[in-house]
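The values are calculated or read from the model by the stated rules, or taken from the named source; none is laboratory data. Values in this document were obtained by computation on a predicted structure and should not be read as measured data. Here the Cβ positions follow ideal geometry from the backbone for every residue, glycine too, while neighbour counts run over all protein chains shown. The protein model used for the area step is the full one, side chains on, heavy atoms only, and it has no ligands, DNA or RNA in it. Shrake-Rupley method; radii C 1.70, N 1.55, O 1.52, S 1.80 Å.
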Amino acid sequence: MNYPKNSIAEGTYKLSCLVAERQYKMATFWQHKGSIDRAITTYRQAIQSQPNYIPGYLSLAPLMYQQQRYDEAILICRQALALGATEPWIASYIEDSLIGKGEFADCDLQSMSSIASQSQAVLKVISDSAESDSVNDKRRHILLYTNCPGTYGAEQISHLLMCHLVTQGYRITCVQSKAKNNLIESREAIGIEHIWLEGDARQFLYSVTNTLEAIQIFKQARPHLIIFADGEPMANIGASQAAKRLGIPFIKIVHCVNVNWAEKFSAYLHLLPPIYQAATAVISVSQANLTLMHDLYYLPEQIGRVIYNSCADLYFTPRNLEIRQEIRQSLKIPEDAIVVFTAARLVSSKGYQHQLTAIKTLKHSHVWGNLYFLWAGSGCEETELERQIEALEVTDYVRMLGHRSDVDDLLDAADIFVLPSHFEGMPVSILEAMAKGCAVAATKISGIPEMLGNTGKLLSDPNVNPEQTAQELADTLIEWAKKHSSRKSSAEACRQRAHLLFQQKNMIDAYAELIEAILIQD
């Protein structure tokens, strides 16, 4: 939906849309609680706040039918069709989800026939277009639909998978919020298409209410399979419901699970079981996360499997000593110094604050002066972290590098990798560090113990005792700085475990086998 061009009108319009969305969310809540009268009232309030807010009409119409208010239901459908004359997904929704499923079977047949004709006329346009596209391209079409638009772990896994599927002759389309980065550019270079979502799929409200937009996308794209790459269990709910409604096979890959999210979104957890039941497969990236999904996110015990993440093959290449020297020289780091590296978003959940607490201790140790910290990433905590680094007077030893696309080169220059996170799925950054032969120190949370096994150093859970986590990190860095052999032994153990369990082929083969089995049945 386009905003008005006038800046004042645009601001007013956006505000009314925001109010309507909040009222729609509340109406949905009342509906799921069984308070139909309150839901109807609140849906009407959403429409009053923004008369063009079509989801309000399409959610209100079935409730009118349930209360046998047939004339009102028909009127609401007509209003939605009139407002969405240029939006084929509205006709699609009415055709598939209301008329097609007999929602208004007891209504006046002549009126319903008129609505059906009106919706079918719109649908014919997209049907003819889609049919033409399918005739020209006989490849199996797979959509990867994600709420992760950046360049971090989940996005890298999706990228590896999409690029491989292209080499196997599939037509691949990535559906995500609009972004621009090196991953997107490289996908486009090999013929992977992109469909940009209208909103930010990372926002929970949007992910729940964009079912109708997803229906339009799926109707036009006509995929044989949808892979949902979910950053968390509550991601892409509306789109998953759309796939279920249209009968399109889909896989759910959940990259990260957090205990606190289950409480935060408790009012919406009931939406998950029907999606799980309809999915062809539900994948978790670690056994720890799969257990949480069973315990907290209503995943039935008989559903779900683990496919471990991997990292790109380039991380398994031997260290490039020339690059190591170049990077150290460019950053004015001595060749014999010990580089402690972290690649992660600059947010509190990644535990940078625990590194700073450890640095306070390290400053008073005899190894200080030989330790240099490199942080690669961007995020909302950047300014605050810079302030704390300056306050500690360690700017010469802690370097914030910003977002970097050359993490593989930075790992060549590193000796130790640190990630004291509060929660994770199965962080690709640790896999990359292990593959490159860095000694790894990371917190004992989520899938990290499964990754490290008996290698590296598992730090205490910072959600329980953050001071202990920081102290253990300081002690580990002191030991590895003092005992060269201990650090080297840990680094080699990490490298060997990565080669054994986390090579790209292992993950790709598991997904390829699953996808092939699904498409054979189609």
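Each residue in the stretch 378-396 was checked for being farther than 17 Å from Tyr152 by Cα, touching a strand residue (DSSP E or B) at 6+ places or on another chain (Cβ under 9 Å) and open to solvent by less than 60 Å² (accessible area, probe 1.4 Å), and 4 pass. Given the residues Ser240, Ser186, which is the only one that is in a helix (DSSP H, G or I), among the hydroxyl-bearing types (Ser, Thr, Tyr) and farther than 26 Å from Phe423 by Cα? Only one candidate qualifies: Ser186.
For the stretch 53-70, a residue qualifies if it is surrounded by fewer than 22 Cβ atoms within 10 Å (Cβ to Cβ) and either farther than 17 Å from Tyr206 by Cβ or charged (D, E, K, R) (or both), and the qualifying residues are Pro62, Leu63, Met64, Tyr65, Gln66, Gln67, Gln68, Arg69, Tyr70. The residues of the stretch 216-226 that are outside any helix (DSSP H, G or I), open to solvent by less than 20 Å² (accessible area, probe 1.4 Å) and either more than 24 Å from His270 (Cβ to Cβ) or in contact with a Cys (Cβ under 7 Å, 6 or more places away or on another chain) (or both), listed by number, are Pro223, Leu225.
For (1) modelled with pLDDT of 95 or more; (2) within 24 Å of Asp230 (Cβ to Cβ); (3) in contact with a Cys (Cβ under 6 Å, 6 or more places away or on another chain), each residue gets a yes or a no:
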{"site": "Asp408", "(1), (2), (3)": "no, no, no"}
{"site": "Ala413", "(1), (2), (3)": "yes, no, no"}
{"site": "Leu419", "(1), (2), (3)": "yes, yes, no"}
{"site": "Ala435", "(1), (2), (3)": "yes, no, yes"}
{"site": "Thr443", "(1), (2), (3)": "yes, yes, no"}
{"site": "Ser446", "(1), (2), (3)": "no, yes, no"}
{"site": "Leu458", "(1), (2), (3)": "yes, no, no"}
{"site": "Asp475", "(1), (2), (3)": "yes, no, no"}
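Of all residues in the stretch 453-501, those that are charged (D, E, K, R) and either more than 24 Å from Ser365 (Cβ to Cβ) or surrounded by fewer than 14 Cβ atoms within 10 Å (Cβ to Cβ) (or both) total 7. Selection over the stretch 289-323 of residues that are among the hydrophobic types (A, V, I, L, M, F, W, C) and either more than 27 Å from Lys505 (Cα to Cα) or under 18 Å from the mean Cα position of the chain (by Cα) (or both) gives a count of 8. The single residue among Ala80, Ala73, Ala85 that is open to solvent by 10 Å² or more (accessible area, probe 1.4 Å), modelled with pLDDT under 80 and among the small types (Gly, Ala, Ser) turns out to be Ala85.
Flag not set for Lys505, criterion: under 22 Å from Phe373 (Cα atoms), open to solvent by 50 Å² or more (accessible area, probe 1.4 Å) and not polar (S, T, N, Q).
Residue by residue, here is whether (1) under 19 Å from Arg345 (Cβ atoms); (2) of a type in the set (Ser, Thr, Tyr) holds:
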position: Val428; (1), (2): yes, no
position: Thr443; (1), (2): yes, yes
position: Gln471; (1), (2): no, no
position: Asp475; (1), (2): no, no
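For beta carbons closer than 6 Å, sequence separation of 6+ or different chains, a first residue in the stretch 469-482 that is among the small types (Gly, Ala, Ser) and a second that is outside any helix (DSSP H, G or I), the qualifying pairs are Ala481/Ile338; Ala481/Val367. Just to be sure before I move on: is Ala312 in contact with a strand residue (DSSP E or B) (Cβ under 6 Å, 6 or more places away or on another chain) and of a type outside the set (Lys, Arg) in the structure I sent? No; evaluated as a whole, the condition is false for this residue. Which of the residues belonging to the stretch 171-197 are open to solvent by 20 Å² or more (accessible area, probe 1.4 Å), within 14 Å of Leu160 (Cβ to Cβ) and at pLDDT 95 or above? The answer is none; no residue qualifies. Listed by position, the helices (runs of 4 or more DSSP H) contained in the stretch 260-370 that have at least 2 residues being open to solvent by 60 Å² or more (accessible area, probe 1.4 Å) and within 25 Å of Ala442 (Cβ to Cβ) are 287-296, 352-362.
Scanning the stretch 397-420 for residues that are open to solvent by less than 10 Å² (accessible area, probe 1.4 Å) and more than 13 Å from Leu452 (Cβ to Cβ) gives Val398, Leu410, Leu411, Asp412, Ala413, Ala414, Ile416, Pro420. The set of residues from the stretch 345-376 being touching a strand residue (DSSP E or B) at 6+ places or on another chain (Cβ under 6 Å) and of a type in the set (Gly, Ala, Ser) comprises just one member, Ala376. Of all residues in the stretch 189-214, those satisfying the criterion of being farther than 13 Å from Leu143 by Cα, of a type outside the set (D, E, K, R) and either part of a helix (DSSP H, G or I) or in contact (Cβ under 8 Å) with a residue 40 or more places away in the chain (or both) are Ala189, Ala201, Phe204, Leu205, Tyr206, Ser207, Val208, Thr209, Thr211, Leu212.
Within the stretch 155-171, does at least one residue satisfy the condition of being over 17 Å from Ala510 (Cβ atoms) and touching a His at 6+ places or on another chain (Cβ under 8 Å)? So far as the stretch 155-171 goes, yes, one or more of its residues are over 17 Å from Ala510 (Cβ atoms) and touching a His at 6+ places or on another chain (Cβ under 8 Å).
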